[in-house]
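The values are calculated or read from the model by the stated rules, or taken from the named source; none is laboratory data. In this text, all values refer to a predicted model and were calculated from it rather than measured experimentally. With ideal geometry, Cβ positions are generated from the backbone for all residues, glycine too; neighbour counts draw on all protein chains shown.
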Amino acid sequence: MSVNGVTGATSAYETYQTSQSAAAKEAEAQNTDTSSKAEDKGVVYEPSKEEAAASTTKKTYTQNTDLVAKLKADQESRLQQLQSIVEQLLTKQGQTYNSANGIWSILAGGNLQVDAATQAQAQKDIAEDGYWGVKQTSDRIIDFATALTGGDPDKIEEMREAFKKGYKQAEKTWGGELPEISKQTYDAVMQKFDKLAEEAGLTTNTDND
């Protein structure tokens, strides 16, 4: 091989190295520029499709009007039940009271005499510990009220109002004021409602009218 050939090959190789070195430097510069831009922008978080969908979907709540209406109707039914129970109990108590005093009547206007056996039994029934006495009758009213509400203390005042309405209805059925024993029963029931409210930590309703 001639000296010129060697020299030419060497020159070509040097030219190749020079071009490769220039290309490498240019590539390095581009990478450095790209990295610098990425650092300037910071990391960009790309949410998943599920997260993106969840962020754009808002929960909506619709009132169940049928359930609300059913609950209101159920509550009204319970109040009416207690009113009816109170009316029946106090009317029966009044009848028993009259029988104990020798008078048989469904309404206050009645004036029929009862036989001795009926009168004696009625006197036992309205005694302090009798079935139609103040204690047992008031206890039954409170028991009915508690059963109808499932023992919910928040319903105490509603039951109290239902009792008052039942008492007034019993007076209408009776035809006037109920006998003294029924008035005493009224007071006893109100006191027991007060006790229930106190035990539940509620404000006591002292209005007994």
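The rows are residues; the columns are (1) of a type in the set (Val, Ile, Thr); (2) surrounded by fewer than 17 Cβ atoms within 10 Å (Cβ to Cβ); (3) at positive phi.
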position: Asp125; (1), (2), (3): no, no, no
position: Gly133; (1), (2), (3): no, no, no
position: Met159; (1), (2), (3): no, no, no
position: Lys172; (1), (2), (3): no, yes, no
position: Val189; (1), (2), (3): yes, no, no
position: Asp194; (1), (2), (3): no, no, no
position: Leu202; (1), (2), (3): no, yes, no
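Please specify each residue of the stretch 98-147 satisfying the condition of being modelled with pLDDT under 75 and in a loop (DSSP other than H, G, I, E, B).
Ser105, Ile106, Leu107, Ala108, Gly109, Gly110, Asn111, Val114
Among the candidates Gly166, Gly151, which residue alone is at pLDDT 95 or above and either buried (at least 17 other Cβ atoms within 10 Å of the Cβ) or closer than 19 Å to Gln81 by Cα (or both)?
Result: Gly166 is the single residue among Gly166, Gly151 that is at pLDDT 95 or above and either buried (at least 17 other Cβ atoms within 10 Å of the Cβ) or closer than 19 Å to Gln81 by Cα (or both).
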